[in-house]
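The values are calculated or read from the model by the stated rules, or taken from the named source; none is laboratory data. Remember, it's a predicted structure, so these values are computed and weren't measured experimentally. With ideal geometry, Cβ positions are generated from the backbone for all residues, glycine too; neighbour counts draw on all protein chains shown.
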Amino acid sequence: MKTTCATCSCFRRRLTPYRWVVVATVLAAFSSAGAATRSGGTINTGTRFETPYYIQDSGVAGPTVVITGGIHGNEPAGAYAADQVRHWPISRGKIIVLPRANPPALKADKRYTPEVDEKLKNLNRNFPKAGEPPDARGTAAVGVWRFVREHKPDWLVDLHEGYHFHQINPGSVGSSVIVHPTPAARRAAPLLLGAVNKTIQEKQKRFVRLGPPKDSCLARAAGEHLGANAIIVETTFKDQAISRRARQHRIAVHRLLEHLEMLAPEVGVDWLVDRENAAGRIQVAMYDGPGAGGKGLPRLVKLLGKWDNTSIVRIGPEEIGGGALGQFDAVIFPGGSGSAQARAIGPAGREQVRKFVHRGGGYVGICGGAYLACERFTWGLKILDAKTKSPKWRRGRAMVEIELTERGREVFGRRDGRPAVKYHNGPILEPAGSESLPDYDVLAVFRTEVAENDSPRGIMVGSPAAVAARYGRGRVICFSPHPEQAEPLEDLVRRTIEWAAQRKPTGTF
């Protein structure tokens, strides 16, 4: 088991002066405690259920809170949020986080555990029942239960998701807080509900209190057999991005830890990255809110997740509007609708993106995200001196050929030939002639075209497929087609991120 001091020098990374003041304040809180530690390990080691856990001990007396996620594989936001919460510095007590309790189910994106006996497929029905011996059933549940029992939690918070909003469809427990009826849990529940519901405008989608938890689930077992104050937080995955659901989980957990006086005041709901171990890693924000769609977004998440030097976090309009981009080196706005993305983040969010790039952040726009960057749209970010050649943007979908320019070879590495890449109504760009923005460089051009729906023919061949420019101290790079969906161009995508984040000398600018 590896233990790392919370004030380790690797906590420092490339930060703006303001960001460093905030982080330094938190570090000072850790130092005053004198014995703050972080550690971790795995449970179910050597089995296909092997999964990591993380312990943060403030060194100051206080509650022990166990946070679990990912018990059901089709509920990824709980696992996602738990993996973010584990990085929050605490001022007293201890938090113990098991983000991915059921790795095979999460990998399969299935509610039930694959390749187990039918009676054991629902992991959250394999824990000790009330009034019966405190024994779990099946390898996965036995390991999770042993882990929870050994840490003797005062509180257990299990993060789940429902398929629908409970107030709209009572058959689902989505958007609820399910409480094991201890006095302390009953007092805390209204606080969690109030905090989350402040962020939800539609009354029928607001969280409600339910309970008690079903018998033989982890929260019920922790309450019945360990005397823990147990709460299940259920978000809703119907028509909501992972970033939004994960944020609702974070809000609930944050409010509980705040109630227990365990958090330093500087730790907000949108503390998203592992700042302690950030040295040398590229921190990338991926927009996944309204207006983002298609296969490109999950493909980008998968690609970036494969690279050891890169961490990726999905973010939505709330995080952007709140200034969370300051934690990152680059932001990606993927395919979808640029105008819908602009509406979702709103004027305040667009201004936050501009400030982020101007101060040195990287912007990567793909298809819809490229439209969003342009200068000539009233809703655009206006960080790229570009406009579209024609208002008839529905050119169609096809595989088209592109070719790198000499400047593109400097940025992406030498690549000969004309690779085929997916095109789906991306912008056909030309200079907008803005006096306040620098000209862009063309990195790649189209060599074939598609022109459906009465869109003009002949304007696509030779037009930019990829462009790059400066905006303040930051870098902007935009693609009309989808290089992330072309397996031979994986390295090009990686170089794009590194170039935007100004992390490798893949071409001066």
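Residues to consider are 382, 387, 392; find the one that is in a loop (DSSP other than H, G, I, E, B) and touching a Lys or Arg at 6+ places or on another chain (Cβ under 9 Å). Break it down stepwise before answering.
Values: 387 fails: in a loop (DSSP other than H, G, I, E, B); 392 fails: touching a Lys or Arg at 6+ places or on another chain (Cβ under 9 Å).
Answer to the check: 382.
Working only within the stretch 239-274, note down all residues that are touching a residue at least 12 places away in the same chain (Cβ under 8 Å), out of contact with any strand residue (DSSP E or B) (no Cβ under 9 Å at 6 or more places or on another chain) and part of a loop (DSSP other than H, G, I, E, B).
The answer is 261, 266, 268, 269, 271.
I need the full set of residues from the stretch 79-93 which are assigned to a loop (DSSP other than H, G, I, E, B) and not hydroxyl-bearing (Ser, Thr, Tyr), in order please. Outline the logic, then answer.
Here is the first cut: in the stretch 79-93, the ones assigned to a loop (DSSP other than H, G, I, E, B) are 86-89, 91-93.
Hits for the stretch 79-93 are 86, 87, 88, 89, 92, 93.
Go through the stretch 295-318 and count every residue that is over 23 Å from residue 426 (Cα atoms), assigned to a helix (DSSP H, G or I) and either aliphatic (A, V, I, L, M) or out of contact with any Lys or Arg (no Cβ under 7 Å at 6 or more places or on another chain) (or both).
1
Residue pairs, Cβ under 9 Å, 6 or more apart or interchain, first in the stretch 453-472 and surrounded by 16 or more Cβ atoms within 10 Å (Cβ to Cβ), second hydroxyl-bearing (Ser, Thr, Tyr) and in a strand (DSSP E or B). List them.
460/423; 465/423; 471/363
If only one of 336, 380, 360 is in contact (Cβ under 8 Å) with a residue 12 or more places away in the chain and farther than 25 Å from residue 436 by Cβ, which one is it?
Values: 380 fails: farther than 25 Å from residue 436 by Cβ; 360 fails: farther than 25 Å from residue 436 by Cβ.
None of the other options fit; the residue is 336.
Just checking, which of 464, 456, 419 is under 30 Å from residue 328 (Cα atoms) and not basic (Lys, Arg)?
Values: 456 fails: under 30 Å from residue 328 (Cα atoms); 419 fails: under 30 Å from residue 328 (Cα atoms).
Answer to the check: 464.
Using the structure shown, decide if residue 326 is part of a loop (DSSP other than H, G, I, E, B) and within 19 Å of the chain's Cα centre (by Cα). So that I can check it myself, show each step before the final result.
On the way: part of a loop (DSSP other than H, G, I, E, B): no; within 19 Å of the chain's Cα centre (by Cα): yes.
Considered against the rule, which asks whether it is part of a loop (DSSP other than H, G, I, E, B) and within 19 Å of the chain's Cα centre (by Cα), residue 326 comes out as no.
Does residue 331 count as in a strand (DSSP E or B) and of a type outside the set (Phe, Trp, Tyr)?
On the way: in a strand (DSSP E or B): yes; of a type outside the set (Phe, Trp, Tyr): yes.
Yes.
Would you pick out the residues in the stretch 36-88 that are surrounded by 22 or more Cβ atoms within 10 Å (Cβ to Cβ), over 25 Å from residue 185 (Cβ atoms) and touching a residue at least 60 places away in the same chain (Cβ under 8 Å)?
Within the stretch 36-88, just 49 meets the criteria.
From 184, 219, 189, which residue is among the small types (Gly, Ala, Ser), over 20 Å from residue 81 (Cα atoms), assigned by TED's automatic domain parsing to the domain that holds residue 57 and touching a strand residue (DSSP E or B) at 6+ places or on another chain (Cβ under 9 Å)?
Details: 219 fails: over 20 Å from residue 81 (Cα atoms); 189 fails: over 20 Å from residue 81 (Cα atoms).
One residue alone meets the criteria, 184.
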